[in-house]
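The values are calculated or read from the model by the stated rules, or taken from the named source; none is laboratory data. Everything numeric here is computed off the predicted structure, so don't read it as measured data. Cβ: placed from backbone, ideal geometry, glycine included. Neighbour counts: every protein chain shown. Each accessible area value is taken on the protein alone, full model and side chains, heavy atoms only, with ligands, DNA and RNA left out. Shrake-Rupley method; radii C 1.70, N 1.55, O 1.52, S 1.80 Å.
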Amino acid sequence: MADNREILPPQYDVNAKWDACIDLTVRRFVYSTLGGAVGGLLLFRSPVTRWAAVAFGAGLGIGSAYTDCSRLFEGSPATAKLASHKIVETPAPQDGQD
């Protein structure tokens with residue numbers, strides 16, 4: 001029975017995308033939280049600011065994982081907005097000075 005299964009192209013394999021996205025999110029959350037904790041211990045004396053550094057690190061990890069996962073699934077409105085804006089450089093007009 002396993003021989004009858006079709007092999008899906010990578011762009012349609014949603015399970016592999018979810019696995020990669022969950023793995024990326026967990027790793028970035030843990031590493032950035034630990035980085036925030038170490039930074040908080042080294043830089044701040046108050047427990048409140050230390051916890052704020054941990055929360056900031058966790059937020060950075062989750063935010064960067066969300067951005068990469070939305071690119072992986074190719075359906076984020078944020079990436080569509082970024083891709084739709086084009087910067088067009090025009091030369092500055094001359095004031096008639098030759």
| field | Tally, over the range 1-31, of residues that are of a type in the set (Ser, Thr, Tyr) and at pLDDT below 95 | value | 2
| note | Filtering the range 29-49 down to residues that are open to solvent by less than 80 Å² (accessible area, probe 1.4 Å) and either assigned to a helix (DSSP H, G or I) or touching a His at 6+ places or on another chain (Cβ under 8 Å) (or both) yields Val30, Ser32, Thr33, Gly35, Gly36, Ala37, Gly39, Gly40, Thr49
